[in-house]
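Below is one structure, written out as structure tokens; comments come after it.
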Amino acid sequence: MDIATLSGILAGFVVAFGAVFLGPAPGQFAYLPSLIFVLGGTCAAVLLTCSAGDVWQAVRVGIRSFTAKRIPARDVVTTMMHLAEISYTEGILALEKIQTTNPVLKRVAQLIAENADPDLIRGTLTIEILALRRRHNIGMSVFARLAMYAPAIGMLGTLVWLVQMPGVLKNPDAFGPSLVTALMTTLYGCLFSLLVFLPVAGRLKNRVMQEEYRLNIVFEGACRILENNNPKLVYEKLSSFLAPEERVSAR
Amino acid sequence: MDIATLSGILAGFVVAFGAVFLGPAPGQFAYLPSLIFVLGGTCAAVLLTCSAGDVWQAVRVGIRSFTAKRIPARDVVTTMMHLAEISYTEGILALEKIQTTNPVLKRVAQLIAENADPDLIRGTLTIEILALRRRHNIGMSVFARLAMYAPAIGMLGTLVWLVQMPGVLKNPDAFGPSLVTALMTTLYGCLFSLLVFLPVAGRLKNRVMQEEYRLNIVFEGACRILENNNPKLVYEKLSSFLAPEERVSAR
Amino acid sequence: MDIATLSGILAGFVVAFGAVFLGPAPGQFAYLPSLIFVLGGTCAAVLLTCSAGDVWQAVRVGIRSFTAKRIPARDVVTTMMHLAEISYTEGILALEKIQTTNPVLKRVAQLIAENADPDLIRGTLTIEILALRRRHNIGMSVFARLAMYAPAIGMLGTLVWLVQMPGVLKNPDAFGPSLVTALMTTLYGCLFSLLVFLPVAGRLKNRVMQEEYRLNIVFEGACRILENNNPKLVYEKLSSFLAPEERVSAR
Amino acid sequence: MDIATLSGILAGFVVAFGAVFLGPAPGQFAYLPSLIFVLGGTCAAVLLTCSAGDVWQAVRVGIRSFTAKRIPARDVVTTMMHLAEISYTEGILALEKIQTTNPVLKRVAQLIAENADPDLIRGTLTIEILALRRRHNIGMSVFARLAMYAPAIGMLGTLVWLVQMPGVLKNPDAFGPSLVTALMTTLYGCLFSLLVFLPVAGRLKNRVMQEEYRLNIVFEGACRILENNNPKLVYEKLSSFLAPEERVSAR
Amino acid sequence: MDIATLSGILAGFVVAFGAVFLGPAPGQFAYLPSLIFVLGGTCAAVLLTCSAGDVWQAVRVGIRSFTAKRIPARDVVTTMMHLAEISYTEGILALEKIQTTNPVLKRVAQLIAENADPDLIRGTLTIEILALRRRHNIGMSVFARLAMYAPAIGMLGTLVWLVQMPGVLKNPDAFGPSLVTALMTTLYGCLFSLLVFLPVAGRLKNRVMQEEYRLNIVFEGACRILENNNPKLVYEKLSSFLAPEERVSAR
């Protein structure tokens, strides 16, 4: 979990607790029926939309997006340069014995060692990207739907509470708290959408974009190693993927 | 009907009934004219937009999206591996006699047995995907329009009821219930949109994405069987379609 | 005009008239200045956006979308099978004398009779689709703009009426009706948008999708007739365009 | 300026002036601070987004979209037929001396006269379309941003005025006018957005679509003249760009 | 920083300060807890969505978008014409020694000097565009999220303050200021979104479009220099990228 996430959680808690406990009436914010209505209704809508497998997959992918380490583009270029140097000094066949935990990189190294056609490498990587995008899209769409349903269910709850108010109108003292209770569902719905569901959906979208970018670097690097077995020329091509200020340092 | 749908329906009912019957005034929620206005207006708008055939098709496709069993990607890979093994042990011609209820798979098996051109297989599958996407898009667009019209017609109804209120303003006791009645159409419109129309539209969208993914696996598997008649290499390609944790177990 | 449109109009009228005339104050709904404001303002905004020719074209295309008969995909397949059988029994040149009111089909039959290149047929059909999409897009965009402007102009009208209310605030009896009058423009704007402009825009969008699908069938059928002059094989390809349950019956 | 624009301006003025001067309080609508706030804030937001050159370009393109004459597709087909007849009767080289004020047509005529490759003609026209789309997109995006900022700045202004109201709450007579003043910024923002900025953005969008369609006709016509120097066949192809009812008359 | 930005900042300040200090209650606008809530909540949501590196990158790119000088398309055409003249008078090899601070132009000049394949130049520029678009997209998406979260967090804050009001309802004098305080978070959120975050996101979007357009000119120019080493013909092609009124002057 990186420093941004930690400070984001911290900032969120400080702001939320400050607004609640420094205000004149912190007790108003804990109203269980509203919370059950919003979370229950949102879950119901999402479970009617997606299958159990998709929701489970989304939860797993969502949690992993917080714990997994980000691999910067620079590191992928360094790894591909490492492959290029091995294939230059020890010959292209040496790539078959490369040790790596990344299954895609492992397969690409094997394909280079087999002197495979660039089209075959592109085909394999295209399917990998397609499968990865689909897995992340499932997670992303579940969280995007949660983010869309939560405030809408919250407003629906406010309508439900408002409709019950005329029965309360007879005693004027109950009017104020009753109106507040009606607003609580909207508040909970917006809170969950803004500070939980939208950020996770955004994280998953960023992730798939980074992953595609990385696979792009791997593909171009593999083609260059096959074309001309020269680390210098491989770096010249791959450095285009980096920001200008990273280009010198990555070498 | 899978477990997610069942628990979704259950959660929706529990939340809705809880909010209505545990509230101070459950009687307020049953107001037939509002219900007729919202459903009638929404149906009118959709019938003016789509033809009777499209609406009928949408209802059929929508119901089938709840009853049909989902076929996971893993099963499609297994089926294609089965085809690959038959063609490897009994020769490519044995595929012609394959028994399957899936008409697309049946046709692809025949095309492989006839040693057809990959372009012909791709052309046939492309048309199948096009036709399937169009059928599901019709259903999806009908439900997306229902989901869009329902809350808008609900708010229109609230405006209609509000406009009639000055005639009621003379007796103050009728004011509260009258305002509630005006809000009922918005409430019904949002309720139907959030818990019926949007989930069904989302299901249909998920379905067409899964179906396209499956047809993709079928196409790549067929090409590989035609190219090199070796189950091991076919699996190596098709396993890219699975999540990393499914890859070993599928073999 | 098909049955869905008729029942849509009927349902719309029943709901609207029911809500107005069964309510306590039907007289409130007829307020001419609000109607003039909404329709005048919406027309002004659309005429400033589009040229007179585009608006005229949109009205014509919009009316035709209600009167023209829908041609199902099944009929296009039947027509193409008819062409395939003629070219099989009487030779490809017999297609030149085909009698049809559809100008695109007429031209395609001629191109087949001239044994034209598939690329030429595709080029001709691509331009036909481009021109058709542009004509319908003009109509669609005019109605989409009407649907967007109408409620916005309605809310603008409500603001205009609200701004004039302080002058009315002095006599409290005029307050209620005055507020209702202010809401009338929003009501009219939403009504026109939901029950007139959005449905017509949706119809035109559906139409262009169907037309493109039909031209696709014509193109694939023409290519197949040119490739191998065998009705059986032509049907095998074209049947992919139909829903599974239509496939047997169409033959 | 065509008749639609004129009647649009007329309708807008009639509706606006009618609503203001036939109402009970026309004096309420002239409130200079609100006008300055809305226009100033909108300009500030747009100037922070776009460069001075872009804004200037947008104003110029926006004004030209009202004054420039529309060239219908039929006229472009007629012009290309004219070129085809000259190249048929006087030879392809005669096109070099064509007199026309349209620089793109001039260049295409020269390229035909030089018997250039269709790819070169397509390349040149592609860049022309790209450059034209970019110029118009700058104008369109400036007006689209104005249309988006204006109502938002208007609502911001209403919030600003509302925040200052408690200081006014002490004297109840000032309450009504003060509320109206707060609404004025929203009213101005919506008015400018709906009747000025959105229509101009829509005009520019229509324009670039028409221009691309015209360049498409020019390109197909040029290719056909190069391919087979026969006006009849050129017309057969180009007539596909016209609506069915225009096809006969254009010849 | 160009003149538009300066006048935009000026106009924003004049309008904001005018509305605040000329109003009856300028003191109402400085309420620190609301400001902390909006900025803290917005930052928390963005930090939960993006990594620390992305936010840092966005801030840097955002600031640079105000300080960096815009290079008009005309200057890029002039530069490419300069290259074309050098390669015409001194031979294609002279391009290797070109002095330029633009790393992309430098690399393209080298590739021309090496008489590289147009495909290689296109490949290199495609990766440069991809990498540039990704870097700017990160910045753009951070500011687009800030612009989306800020008003939403503002409305959430208004809900939080409203919920605490019943505790204040007992003393009527605190009611007015309390309502104003509740609105302050919405006001701050909209203000930051409209006058800070949306403009910066718009600037970054404009920038990446301009940069892509410039790289397009560089690519077409390089291809033309390689194809036929004649400045006149290079200019004829590149002039299509300019507006008609710039074409003569640029020569």
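The values are calculated or read from the model by the stated rules, or taken from the named source; none is laboratory data. Quantities reported herein were computed from a predicted structural model and do not represent experimental measurements. Here Cβ is always computed from backbone atoms with ideal geometry, including for glycine, and neighbour counts include all displayed protein chains. Note: accessible area is taken over every heavy atom of the protein model, side chains too, but ligands, DNA and RNA are not part of it. Shrake-Rupley method; radii C 1.70, N 1.55, O 1.52, S 1.80 Å.
Think of region E:23-146 as a dipole: +1 on every Lys or Arg Cβ, -1 on every Asp or Glu Cβ, centred on the Cα centre; then among E:Ile127, E:Asn115, E:Val46, E:Val46 lies furthest on the positive end.
Mean sequence separation of contacting Cα pairs (under 8 Å, at least six apart), scaled by the length of chain A, corresponds to a relative contact order of 30 percent.
The separation of region D:123-169 from region B:136-166, counted between C-alpha centres, amounts to 29 Å. Only protein atoms count toward the accessible area here, which uses a 1.4 Å probe; on chain D, the carbon and sulfur part of that area reaches 65 percent.
On the beta carbon distance between A:Leu233 and D:Met209, with R0 = 51 Å, the FRET formula returns roughly 0.70. Shown for region C:39-59: residues covered by the partner protein chains by 30 Å² or more of accessible area relative to the chain by itself (probe radius 1.4 Å), namely C:Ala44, C:Leu47, C:Leu48, C:Thr49, C:Ser51, C:Ala52, C:Asp54. Sorted shortest first, the distances from the A:Leu32 label point to those of the same residue in the other copies are 3.9, 3.9, 6.2, 6.2 nm; each point sits 7 Å from Cα along Cα-to-Cβ.
Between 0 and 90 degrees, the angle of helix E:175-192 with respect to the longest Cα principal axis of chain E falls at about 10 degrees. Over the residues of chain C, the helix contribution to mean residue ellipticity at 222 nm works out to -25000 deg cm²/dmol, using -39500 (n - 2.57) for each DSSP H run of at least 4. Here is how far apart the C:Leu93 label points are across copies: 4.1, 4.1, 6.7, 6.7 nm, shortest first, using a point 7 Å from Cα toward Cβ. Computed over region C:119-165, the range of Cα coordinates on each principal axis works out to 67, 10, 8 Å, biggest value leading.
Counting Lys and Arg as +1 and Asp and Glu as -1 over every other residue whose Cβ lies under 15 Å from the Cβ of C:Leu194, the net charge comes to +2. Put the Cα centre of region C:23-86 next to the Cα centre of region A:177-226 and the gap is 40 Å. The interface between chain C and chain B buries about 3800 Å² of solvent-accessible area in total (1.4 Å probe, ligands and nucleic acids excluded). Label-to-label distances for B:Leu233 across copies, nearest first, come out at 2.8, 2.8, 4.6, 4.6 nm, using points 7 Å from Cα in the beta-carbon direction. In this view, the solvent-accessible surface of D:Ser7, computed with a 1.4 Å probe and all protein chains in place, comes to about 50 Å².
For chain D, the longest principal axis of the C-alpha atoms and the axis of helix D:198-227 are separated by about 10°.
Would you mind computing Rg(Cα) / (2.2 N^0.38 Å) for the protein assembly as shown, counting N as its residues?
In units of the globular-protein estimate, the protein assembly as shown measures up at 1.00.
Looking at this model, which pairs from A:Lys69/A:Lys97; C:Lys69/D:Lys237; E:Lys106/E:Lys237; C:Lys69/C:Lys205; E:Lys97/E:Lys232 are more than 19 angstrom apart at the alpha-carbon? The answer is A:Lys69/A:Lys97; C:Lys69/D:Lys237; E:Lys106/E:Lys237; E:Lys97/E:Lys232.
A:Arg60 sits with roughly 80 Å² accessible to a 1.4 Å probe, with DNA, RNA and ligands left out of the calculation. The figure for D:His82 is an accessible area of roughly 100 square angstrom, using a 1.4 Å probe on the protein chains alone.
Can you compute the FRET efficiency between D:Lys69 and C:Asn115 using 1/(1 + (r/R0)^6), with r the Cβ-Cβ distance and R0 = 41 Å? Round to the nearest 0.05. Intermediate results must be reported in sequence, preceding the final value.
On the way: r = 44 Å, r/R0 = 1.08.
Plugging the Cβ-Cβ distance into 1/(1 + (r/R0)^6) gives 0.40.
The stretch between C:Leu32 and C:Cys223 holds 62.9 nm of extra length on full extension. This uses 0.36 nm per residue minus the Cα-Cα distance.
Note down the net charge around A:Ala147, summing +1 for each Lys or Arg and -1 for each Asp or Glu among other residues with Cβ under 15 Å from its Cβ. Provide the component values of the computation, followed by the final result.
Details: positive: A:Arg145, A:Arg203, A:Lys205, E:Arg145; negative: none.
Net charge in that neighbourhood comes out at +4.
Taking the axis that rotates chain D onto chain E, the chain D residue nearest to it by Cβ, with the distance rounded to whole Å, is D:Met155, 10.
Quick check: convex hull of the Cα atoms in chain C, volume per residue, rounded to a whole Å³?
It is 146 Å³ per residue.
Here the protein assembly as shown is treated with +1 on each Lys and Arg Cβ and -1 on each Asp and Glu Cβ, and its dipole about the Cα centre works out to around 1540 debye. Average accessible surface for the protein assembly as shown: 45 Å² per residue, computed with a 1.4 Å probe over protein heavy atoms with every protein chain in place.
Normalised by the number of residues in region B:1-139, the average gap of Cα pairs under 8 Å and 6 or more apart makes the relative contact order 26 percent.
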